[in-house]
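The values are calculated or read from the model by the stated rules, or taken from the named source; none is laboratory data. A quick note: this is a predicted structure, and the numbers were derived from the prediction, not measured. Backbone-built Cβ (ideal geometry, glycine too); neighbour counts: all protein chains shown.
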Amino acid sequence: MFASTLDGQKTERLLSANKRTPLYAVHKALRARMIPFSGWEMPVEYSGITKEHVAVRTAAGLFDVSHMGEFDIRGPEALDLIRHVTTNDAANLVDGQAQYSAMAYPHGTVVDDLLVYRHHAEHFMLVVNAANIEKDFEWINSHNRVDATVENVSADIALVALQGPKTIDILQPLTKVQLRDLAHYHFARGSVLNADAIVSRTGYTGEDGFELYLSANESELVWNGIFEAGASFGLVPAGLGARNTLRLEAKYLLYGNDMDGTTTLLEAGLGWIVKFEKPDFIGRDALLKQKQEGVKRRLVGFEMLGKDIARDNYPVFVHGREVGHVTSGAPSITLKKNIGLAYLPAEHASIGTTFHVAVRSKLAEARVVRTPFYKREDHQ
């Protein structure tokens with residue numbers, strides 16, 4: 001997934017055409033390996049994907065995810081706009097709460113998955129995937145027929161994610177926000193190292209942790225301060241490579257791999273963020289029809305039965321017939337198994353069902369398993 005096979009000259013050409021986060025100089029000083037990702041020059045690893053992955057599971061890792069997009073939505077009818085363009089129901093939120101949601105096309109497939117943050121009744125923030133910032137911004141505005149404004153504030157915001165079991169020990173001395181009192185998927189405004197921040201108990205790793213939304217020009221100060229505070233706790237900088245293996249173990253989906261404009265939320269196993277009981281939203285009729293008629297394919301988690309590794313885009317076969325491809329695949333560093341995600345026909349998607357993945361010149365056997373592959377016992 002991460003351009004690790006690109007030759008050096010091609011990588012350099014691609015990097016030169018990409019945007020850089022406010023923390024670019026920090027990554028270079030840490031000798032990170034940089035790659036092109038979603039139009040950005042991003043760190044894929046510092047000390048190595050395995051070391052960074054293990055650190056997040058056992059201590060803590062700090063990620064730069066400033067490539068993500070943020071939209072401010074304000075006005076008397078801001079909630080009405082969000083309810084119309086997203087599939088979950090933001091009316092269920094209270095001030096200081098976040099919600100996982102998505103946007104769908106009228107025919108039911110996925111525009112993007114996102115987070116909705118409620119500051120108050122007339123002020124929300126949406127956090128969208130980096131590759132979809134322009135597309136999402138245009139999509140929302142094209143459906144804005146109410147008294148609400150949508151502002152793309154992505155360029156002003158840096159986003160760093162501190163993830164792992166030691167995060168509270170590291171972060172609490174740096175902020176007056178009471179971190180233990182902040183429930184999962186809730187946030188508070190406060191300061192971190194005297195920098196204004198939104199402190200959100202969210203993440204993309206399957207571990208406890210916090211995402212910090214900061215002014216871009218204060219992000220380097222905060223990053224460096226967190227590292228100084230975390231040195232004795234085993235904190236490491238972590239790149240997109242570890243972020244990918246961590247999120248796969250937790251079965252957090254990646255837009256562009258596990259869902260996109262050709263798949264629906266019901267097929268992807270995300271029916272829980274589709275609230276049919278709320279007033280009309282874009283994609284509702286198509287998704288309701290699919291639910292009533294039955295989903296024909298489902299995204300499943302699988303493990304390889306041998307030593308073969310199922311990589312992204314490897315073809316998948318059921319009874320000798322090609323039915324799709326691996327959407328995400330990698331060795332599980334925590335579980336010491338080779339795991340992945342793929343769409344299978346619904347009748348072959350039950351736990352325990354076996355199928356085959358084309359690995360180089362042979363068909364390797366895989367088995368559908370329960371997901372998430374990894375779940376922290378004390379995770380809220």
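Take SER361 and decide whether it is modelled with pLDDT under 95 and not basic (Lys, Arg). Write out each step before concluding.
On the way: modelled with pLDDT under 95: yes; not basic (Lys, Arg): yes.
Here the answer is yes, as SER361 does meet what is asked.
Does SER101 satisfy the criteria of being within 22 Å of SER215 (Cβ to Cβ) and of a type in the set (Ser, Thr, Tyr)? Even if it seems obvious, please write down each step before you answer.
Working: within 22 Å of SER215 (Cβ to Cβ): no; of a type in the set (Ser, Thr, Tyr): yes.
Against the criterion (within 22 Å of SER215 (Cβ to Cβ) and of a type in the set (Ser, Thr, Tyr)), SER101 does not qualify.
Would you call ALA90 farther than 24 Å from LYS19 by Cα, surrounded by fewer than 17 Cβ atoms within 10 Å (Cβ to Cβ), in contact (Cβ under 8 Å) with a residue 12 or more places away in the chain and small (Gly, Ala, Ser)? Walk me through how you get there before you give the answer.
On the way: farther than 24 Å from LYS19 by Cα: yes; surrounded by fewer than 17 Cβ atoms within 10 Å (Cβ to Cβ): no; in contact (Cβ under 8 Å) with a residue 12 or more places away in the chain: yes; small (Gly, Ala, Ser): yes.
In short, no.
Could you please let me know if PRO331 is in a strand (DSSP E or B) and touching a residue at least 12 places away in the same chain (Cβ under 8 Å)?
Details: in a strand (DSSP E or B): yes; touching a residue at least 12 places away in the same chain (Cβ under 8 Å): yes.
When the stated conditions are applied, PRO331 passes them.
Of these, PRO106, PRO165, which one is surrounded by fewer than 17 Cβ atoms within 10 Å (Cβ to Cβ) and in a loop (DSSP other than H, G, I, E, B)?
Values: PRO165 fails: surrounded by fewer than 17 Cβ atoms within 10 Å (Cβ to Cβ).
Going through PRO106, PRO165 in turn, just one is surrounded by fewer than 17 Cβ atoms within 10 Å (Cβ to Cβ) and in a loop (DSSP other than H, G, I, E, B): PRO106.
Yes or no, residue by residue, for (1) surrounded by 15 or more Cβ atoms within 10 Å (Cβ to Cβ); (2) within 21 Å of TYR100 (Cα to Cα); (3) among the aliphatic types (A, V, I, L, M):
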| site | (1), (2), (3) |
| --- | --- |
| GLN290 | yes, no, no |
| ALA310 | yes, no, yes |
| ALA330 | yes, no, yes |
| GLU365 | no, no, no |
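In region 158-197, how many residues are within 14 Å of LEU235 (Cβ to Cβ) and either assigned by the TED database to the domain that holds LEU114 or of a type outside the set (Val, Ile, Thr) (or both)?
The initial filter retains those residues of region 158-197 that are within 14 Å of LEU235 (Cβ to Cβ), namely 160-174.
Now drop any that are not either assigned by the TED database to the domain that holds LEU114 or of a type outside the set (Val, Ile, Thr) (or both), which leaves 161-166, 169, 171-174.
Here the count works out to 11.
Filter region 228-250 down to the residues that are in contact (Cβ under 8 Å) with a residue 60 or more places away in the chain and not small (Gly, Ala, Ser) and list them by number.
Filtering region 228-250 for residues in contact (Cβ under 8 Å) with a residue 60 or more places away in the chain gives 230, 233-246, 248-250.
If the condition is that a residue be in contact (Cβ under 8 Å) with a residue 60 or more places away in the chain and not small (Gly, Ala, Ser), then PHE233, LEU235, VAL236, PRO237, LEU240, ARG243, ASN244, THR245, LEU246, LEU248, GLU249 are the ones that fit.
Give the number of residues within region 319-369 that are under 24 Å from the mean Cα position of the chain (by Cα) and either in the same structural domain as THR245 (by the TED database) or β-branched (Val, Ile, Thr) (or both).
Summing the residues that are under 24 Å from the mean Cα position of the chain (by Cα) and either in the same structural domain as THR245 (by the TED database) or β-branched (Val, Ile, Thr) (or both) in region 319-369 gives 7.
Filter region 47-64 for residues that are buried (at least 21 other Cβ atoms within 10 Å of the Cβ) and within 16 Å of PHE227 (Cα to Cα) and give the result.
Answer for region 47-64, where residues must be buried (at least 21 other Cβ atoms within 10 Å of the Cβ) and within 16 Å of PHE227 (Cα to Cα): GLU52, ALA55, VAL56, ALA60, GLY61, LEU62, PHE63, ASP64.
Which members of region 75-103 meet the condition of being touching a Phe, Trp or Tyr at 6+ places or on another chain (Cβ under 8 Å) and of a type in the set (D, E, K, R)? Steps first, answer last, please.
Restricting attention to region 75-103, the residues satisfying the condition of being touching a Phe, Trp or Tyr at 6+ places or on another chain (Cβ under 8 Å) are 78-79, 82-88, 90, 96-100, 103.
Scanning region 75-103 gives a single hit, ARG83.
Here is a yes/no grid of residues against (1) free of Cβ contacts under 8 Å to residues at least 40 places away in the same chain; (2) within 22 Å of LEU266 (Cα to Cα); (3) outside any loop (DSSP other than H, G, I, E, B); (4) out of contact with any Lys or Arg (no Cβ under 9 Å at 6 or more places or on another chain):
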position: LYS307; (1), (2), (3), (4): yes, no, no, yes
position: ASP312; (1), (2), (3), (4): no, yes, no, yes
position: GLY324; (1), (2), (3), (4): yes, yes, yes, no
position: LEU335; (1), (2), (3), (4): no, no, no, yes
position: ALA342; (1), (2), (3), (4): no, yes, yes, yes
position: LEU363; (1), (2), (3), (4): no, no, yes, yes
position: ARG367; (1), (2), (3), (4): no, yes, yes, yes
position: PRO372; (1), (2), (3), (4): no, yes, no, no
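Looking at region 73-92, is at least one residue assigned to a strand (DSSP E or B), more than 30 Å from LEU335 (Cα to Cα) and outside the structural domain of ILE226 (by the TED database)?
Let us first name the residues in region 73-92 that are assigned to a strand (DSSP E or B), namely 73-74.
Those left that are additionally more than 30 Å from LEU335 (Cα to Cα): 73-74.
With outside the structural domain of ILE226 (by the TED database) added as a condition, the list becomes 73-74.
Within region 73-92, one or more residues are assigned to a strand (DSSP E or B), more than 30 Å from LEU335 (Cα to Cα) and outside the structural domain of ILE226 (by the TED database).
Report whether or not ARG376 is assigned to a strand (DSSP E or B) and surrounded by fewer than 20 Cβ atoms within 10 Å (Cβ to Cβ). Working first, answer last.
Details: assigned to a strand (DSSP E or B): no; surrounded by fewer than 20 Cβ atoms within 10 Å (Cβ to Cβ): yes.
So ARG376 fails the test.
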